[in-house]
Amino acid sequence: MKKVILLTLVCGSIIAASSVSSCKKSDSTVTMTLYDSLGGTAMVADPAASGTMIEKGRLGLRSVVDSTIFVIAADTALNNKFFAVLLSEVGASNLTGFNTLSKNLTDFFCVATGAKNFTYGGKTMVAAHDPSQNSRMGTKASSADFDQFVTDLVTGATKCGLSSQLIGQVGVVVNSVKSQVVQK
Ligand code: HEM
């Protein structure tokens with residue numbers, strides 16, 4: 001029940017975020033990034049922090065990230081095998097690692113989808129997914145693990161109301177790092 005409430009909160013605002021588009025014009029060409037399609041730089045109230053504003057594109061991506069983390073937390077094919085450190089922290093009501101992971105994943109997706117106002121400051125994709133360089137990564141991931149991760153991401157994005165067309169575009173970003181994440 002707790003999980004359902006959290007997921008509802010996380011996803012509450014993404015349907016609106018994903019339905020608005022904006023375009024950037026330079027000379028006669030129009031460039032529309034995936035970030036723009038998710039709502040771009042339009043500022044909206046941040047439902048997670050009252051009184052603060054957030055870019056609509058970032059809010060959409062953060063919602064998908066957080067929703068996906070909850071899907072993975074319930075997925076016995078991935079949860080304890082890879083995310084035991086994170087899950088034991090969350091089980092003890094320590095959200096520090098969760099918040100860092102959410103921020104870094106959100107920054108990563110913002111940059112990868114065309115945001116201009118954020119930078120990714122986490123580990124490289126190779127280091128983040130190599131247990132010898134990241135003690136929070138339970139073990140090396142296989143191609144099948146990666147595909148399961150993508151399945152969970154699609155579930156998380158669908159719960160947030162993202163269209164299948166936008167999910168497909170997020171999938172292109174995710175698949176572009178497969179060779180760095182899969183290390184066995
Ligand atoms: C088989 C698939 C995958 C597995 C099992 C996996 C697992 C993990 C784990 C265990 C962590 C550390 C979590 C923690 O901080 O407690 C992590 C971090 C991270 N992962 Fe993945 N991951 C997978 C795929 C991906 C993909 C496809 C992306 C990007 C598109 C990604 C991006 C990241 C990022 C940005 C971090 C944070 C790195 C940092 O904080 O420095 N991962 N991943």
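Can you tell me which condition S132 does not meet? The list is (1) assigned to a helix (DSSP H, G or I); (2) without any contact (Cβ under 8 Å) to a residue 40 or more places away in the chain, and all the others hold.
(1)
Pick from region 159-179 the residues that are within 13 Å of the ligand (Cβ to nearest atom) and not in a helix (DSSP H, G or I): which of them is farthest from A127 (Cα to Cα)?
The extreme case among them is S176.
Out of curiosity, is F109 closer than 24 Å to G39 by Cα, at pLDDT 95 or above, of a type in the set (A, V, I, L, M, F, W, C) and near the ligand (Cβ under 10 Å from one of its atoms)?
Yes, satisfied.
Answer yes or no as to whether A77 is touching a residue at least 60 places away in the same chain (Cβ under 8 Å), in a loop (DSSP other than H, G, I, E, B), surrounded by fewer than 18 Cβ atoms within 10 Å (Cβ to Cβ) and more than 9 Å from the ligand (Cβ to nearest atom).
Here the answer is yes, as A77 does meet what is asked.
Residue-wise test of (1) more than 7 Å from the ligand (Cβ to nearest atom); (2) under 12 Å from the mean Cα position of the chain (by Cα); (3) surrounded by fewer than 18 Cβ atoms within 10 Å (Cβ to Cβ).
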{"position": "T96", "(1), (2), (3)": "yes, no, yes"}
{"position": "L101", "(1), (2), (3)": "no, yes, no"}
{"position": "V126", "(1), (2), (3)": "yes, no, yes"}
{"position": "P131", "(1), (2), (3)": "yes, no, yes"}
{"position": "L153", "(1), (2), (3)": "yes, yes, no"}
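Report yes if V90 is surrounded by 15 or more Cβ atoms within 10 Å (Cβ to Cβ), at pLDDT 95 or above and assigned to a helix (DSSP H, G or I), otherwise no.
Yes; evaluated as a whole, the condition is true for this residue.
Only residues that are near the ligand (Cβ under 6 Å from one of its atoms) and either exposed (fewer than 14 other Cβ atoms within 10 Å of the Cβ) or over 15 Å from the mean Cα position of the chain (by Cα) (or both): list them for region 139-151, please.
Answer for region 139-151, where residues must be near the ligand (Cβ under 6 Å from one of its atoms) and either exposed (fewer than 14 other Cβ atoms within 10 Å of the Cβ) or over 15 Å from the mean Cα position of the chain (by Cα) (or both): A141, D145.
Among the residues of region 52-68, are any hydroxyl-bearing (S, T, Y) and farther than 25 Å from L34 by Cβ?
Looking for residues that are hydroxyl-bearing (S, T, Y) and farther than 25 Å from L34 by Cβ, one finds none in region 52-68, hence no.
More than 15 Å from the ligand (Cβ to nearest atom), touching an Asp or Glu at 6+ places or on another chain (Cβ under 6 Å) and either among the aliphatic types (A, V, I, L, M) or closer than 21 Å to T151 by Cα (or both): does that describe I72?
The answer is no for I72.
The values are calculated or read from the model by the stated rules, or taken from the named source; none is laboratory data. Everything numeric in this text was worked out from a predicted model, so none of it was measured. Note that each Cβ is placed from the backbone with ideal geometry, even for glycine, and that neighbours are counted across all protein chains shown.
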